[in-house]
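The structure appears below as structure tokens.
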Amino acid sequence: MLTSTVRNLIEEAEAALSQEVWKRQDAVYYQTFERVLNAFAKHKVGEEHFLSVTGYGHDDLGRETTDAVFADALQAEAALVRLQIVSGTHALSIGLNGCLRPGERMLSITGRPYDTLEEVIGLRGNNRQSLAAKGITYDEFSVFRELPPDNGPGRFMVRDAFTEQEAEQIAQANLIFIQRSRGYSIRPSLTLPQLENLIRQAKQINPNTNVMVDNCYGEFTQKIEPTAVGADLIAGSLIKNPGGGIVPTGGYVAGRADLVASCADVLTCPGVGAEGGYTFNLTRVLLQGLYLAPGVVKEALRGMTLAAKLFEEAGYDTTPHWTDSRSDIIQILTLRSPDKLVKFCQVLQSLSPINSHIVPIPANPPGYADEVVMAGGTFIDGSTLELSADGPLRSPYAVYLQGGLTYAHTRLAVQRILETFQAL
């Protein structure tokens, strides 16, 4: 009876979602897929691009073509797409070090960045390779304002204009950093119109500043990318959206050609830049992952909207709301109970294709300040485009559900978790 009841709720939710929300997501998919396909045609991708040059990797046609295809797909002048980039945090670190010099100033306008960037910047620990150790100063403010409770829990707005004090900070900044996704916060991800407004105003105040956007989790969730609305540099991980669920590792930076070249010097060394680096005969996988990415992102978005609607109807706070426009593949479900947070991840892990027999328990992974519980029985370790969930064991005990290569997987997982919660 319990299973039948949840299944009925799912069918009712699907009927409501298909009327408008999923149609809107389909429209994004059709446009982003066309842009990706056009990039392949423009650069005349052929089987010859699937072969790698060994050793130094000089004159690797496949690597050069992969960079060019990714650049067009991400609406950038240039891109650096490398398997040697080990994570999204690594890509962001390369971008920050490529854009900033000793004595310059970094300003985050979306509040404190994601936890794993704190050591990169120098906000936590005493790492000799942090930006702070290199004489780069950091400041932050947040353009988000939480709305009164009568607007619903966890509801925020993005302010239309900067305050006078914020404008002074922008005027002194050499790099403005914007985190598109929410990280471990309740605030929403930024839509492209919101990004465009923030970047336009910042550039009016300080035309000489560079704007870098952390694009992790956001690629292909909306019709255009931040580089199309004024961002000078974006960075992300290939085991998230742009890898299509099949790229085994890597990351990218994309944007203005001079900044990308500087980032290449950080990744390899001055004098080598983007001209070296073995691609391990994986350019076919990199390109095929990009080709698949818009469709897989659509599947993930579809699953996240279903989760939002069902958990909201079950009485939980959710962000984004199931009708909201989405700019990342993350769904926050506020469980307000450490036991439910752990149980959510344990049920999800039991429904994973890989390591379903493992039971997640809270731990302190590298780069995080709090204990975190994670469910991620994924084909690619750490892939958050595959269905996964995690959350820090701190109030309000929110779980961050993300990804889903197929809608069917997310649908089944949400069903089983809700059945488990009802039985508690």
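The values are calculated or read from the model by the stated rules, or taken from the named source; none is laboratory data. Quantities reported herein were computed from a predicted structural model and do not represent experimental measurements. Don't worry about glycine lacking a Cβ; one is built from the backbone with ideal geometry, like all the others, and counts go over all protein chains shown.
The residue that is modelled with the lowest pLDDT, counting only those in region 146-171 that are in a helix (DSSP H, G or I) and either β-branched (Val, Ile, Thr) or over 30 Å from GLU104 (Cα atoms) (or both), is ASN151. Meeting the requirement of 2 or more residues that are in contact with a Pro (Cβ under 8 Å, 6 or more places away or on another chain) and either among the small types (Gly, Ala, Ser) or over 21 Å from SER189 (Cα atoms) (or both), the strands (runs of 3 or more DSSP E) wholly within region 367-406 are 372-375. Checked against the criterion of being closer than 30 Å to GLU299 by Cα and surrounded by fewer than 19 Cβ atoms within 10 Å (Cβ to Cβ), region 160-182 has no qualifying residue. Pairs meeting the criteria (first residue in region 280-306 and in the same structural domain as ILE330 (by TED's automatic domain parsing) and farther than 13 Å from GLN402 by Cβ, second residue charged (D, E, K, R) and surrounded by fewer than 23 Cβ atoms within 10 Å (Cβ to Cβ), beta carbons under 8 Å, at least 6 apart or on different chains) are LYS298/ASP26; LEU306/GLU14; LEU306/ARG411.
Can you say whether ASP26 is over 30 Å from GLN422 (Cα atoms) and assigned by TED's automatic domain parsing to the domain that holds CYS263, as far as the supplied structure shows? Spelling it out, it is not the case that ASP26 is over 30 Å from GLN422 (Cα atoms) and assigned by TED's automatic domain parsing to the domain that holds CYS263. The criterion of being surrounded by fewer than 24 Cβ atoms within 10 Å (Cβ to Cβ), in contact with a Ser or Thr (Cβ under 9 Å, 6 or more places away or on another chain) and without any contact (Cβ under 8 Å) to a residue 60 or more places away in the chain holds for LYS203. From the list ASN97, ASN127, which one is surrounded by fewer than 18 Cβ atoms within 10 Å (Cβ to Cβ), closer than 24 Å to GLY382 by Cβ, more than 19 Å from the chain's Cα centre (by Cα) and in the same structural domain as TYR278 (by TED's automatic domain parsing)? Within the list ASN97, ASN127, the selection yields ASN127.
Out of all the residues in region 159-175, is one or more of a type outside the set (A, V, I, L, M, F, W, C) and under 18 Å from the mean Cα position of the chain (by Cα)? Looking through region 159-175, none of the residues is of a type outside the set (A, V, I, L, M, F, W, C) and under 18 Å from the mean Cα position of the chain (by Cα). Scanning region 310-332 for residues that are under 20 Å from the mean Cα position of the chain (by Cα) and in a strand (DSSP E or B) gives THR318, THR319, ILE330, GLN331, ILE332. Looking across GLN349, GLN288, one residue alone is within 24 Å of the chain's Cα centre (by Cα), part of a helix (DSSP H, G or I), closer than 29 Å to THR66 by Cβ and of a type in the set (S, T, N, Q). It is GLN288.
When we screen GLY391, GLY382, GLY404 for residues that are under 21 Å from PRO294 (Cα atoms) and either among the hydroxyl-bearing types (Ser, Thr, Tyr) or crowded, with 19+ Cβ neighbours inside 10 Å (or both), the only hit is GLY404.
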